[in-house]
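Report on one structure; see the data block that follows.
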Amino acid sequence: MNGHHLILGELQDFVTGKTLPDTHDERYRQKLARFLVERRGFARSELRPRRVIPLDIDGRREPAVVDLAVQIDGRWVMIVKYGPGSLVTRHRPALAASRLLAPYQIPWVVVTNGEDADVLDGADGRVLGSGLAAVPAREEVVRRLAAMDRTRISEKRRRGEARILYCYDIDGRCPCDGPPCEIE
């Protein structure tokens, strides 16, 4: 046991090949990465696991982590935020993360517990679809890439989103729920 997480051994990260602690949550993250490659057509090289968003709120510095981010032709196009349990409670922090990882709004935001998913429109938070089948395939993402809005998010908005993400993901979290020791 590590804190309240059961460590089942070690596993190999599907994307990077690195050895990671084998937990129930990590198994779901690996399943999601495989799903994006094998069922949605993304290349492993387009997936970026464990993307760090450094937060600095009133001098308190903490990293927030996006479980998976997808980058095509140098553009961030989708994030996947995993967490066990209810999906709706994870919508707002995932939207905040999608407004902080890149200087522009990332268009697709996937919130999942590994079994179910909500796909959100990054711009307005609308639920575009539910279930893992609603996660857009690579060909759809590429088709819409040219029309993607890359307007820079204002610093005022980014500061507000950082506070939201900090409140949901950092403030009051259990120390063993922090980011992995080897964040990329």
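Every residue in the stretch 1-54 that is closer than 26 Å to residue 131 by Cα, touching a strand residue (DSSP E or B) at 6+ places or on another chain (Cβ under 8 Å) and among the basic types (Lys, Arg), please. Across the stretch 1-54, the qualifying residues are 27, 29, 48, 50, 51. Tallying residues that are surrounded by 17 or more Cβ atoms within 10 Å (Cβ to Cβ) and either of a type in the set (Gly, Ala, Ser) or out of contact with any Leu (no Cβ under 9 Å at 6 or more places or on another chain) (or both) within the stretch 53-68 yields 2. In the stretch 70-99, of all residues being closer than 21 Å to residue 157 by Cα and hydrophobic (A, V, I, L, M, F, W, C), the one that is nearest to the chain's Cα centre (by Cα) corresponds to 79.
Show the residue pairs meeting these rules: Cβ distance below 6 Å; 6+ apart or different chains; first residue within the stretch 78-102 and among the β-branched types (Val, Ile, Thr); second residue in a loop (DSSP other than H, G, I, E, B). Here the result reads 79/106, each pair linking the stretch 78-102 to a residue that is in a loop (DSSP other than H, G, I, E, B).
Checked against (1) at negative phi; (2) in contact (Cβ under 8 Å) with a residue 40 or more places away in the chain; (3) surrounded by 21 or more Cβ atoms within 10 Å (Cβ to Cβ), residue 50 passes all but condition (1).
Tell me whether the stretch 148-161 contains one or more residues that are modelled with pLDDT of 95 or more and closer than 22 Å to residue 32 by Cα. No, that holds for no residue. Look at the stretch 14-36: where a residue is at negative phi and a partner is at pLDDT 95 or above and surrounded by fewer than 18 Cβ atoms within 10 Å (Cβ to Cβ), sitting 6+ places away or on another chain with Cβ atoms under 7 Å, you get 14/34; 15/44.
Of all residues in the stretch 101-126, none satisfies the criterion of being basic (Lys, Arg) and touching a Pro at 6+ places or on another chain (Cβ under 7 Å). Residues in the stretch 53-62 that are in contact (Cβ under 8 Å) with a residue 40 or more places away in the chain and over 13 Å from the mean Cα position of the chain (by Cα) were compared, and the one that is farthest from residue 99 (Cα to Cα) is 60. Screening the stretch 15-47 for residues that are farther than 20 Å from residue 119 by Cβ and among the hydroxyl-bearing types (Ser, Thr, Tyr) and picking the one that is surrounded by the fewest Cβ atoms within 10 Å (Cβ to Cβ) gives 45. Counting residues in the stretch 58-65 that are assigned to a loop (DSSP other than H, G, I, E, B), of a type outside the set (A, V, I, L, M, F, W, C) and farther than 18 Å from residue 134 by Cβ gives one or more.
I'd like the residue in the stretch 144-173 that is in a loop (DSSP other than H, G, I, E, B) and of a type in the set (Val, Ile, Thr) and, out of all such residues, is surrounded by the most Cβ atoms within 10 Å (Cβ to Cβ). The qualifying residue surrounded by the most Cβ atoms within 10 Å (Cβ to Cβ) is 153. A Cβ distance below 6 Å, combined with a sequence gap of six or more or placement on separate chains, defines the contacts here; from the stretch 148-168, residues that are within 12 Å of residue 93 (Cα to Cα) reach residues that are at pLDDT 95 or above and among the charged types (D, E, K, R) in the pairs 161/99.
The values are calculated or read from the model by the stated rules, or taken from the named source; none is laboratory data. All values reported here derive from a predicted model rather than from experimental measurement. Reconstructed Cβ throughout: ideal geometry from the backbone, glycine too, with neighbour counts over all protein chains shown.
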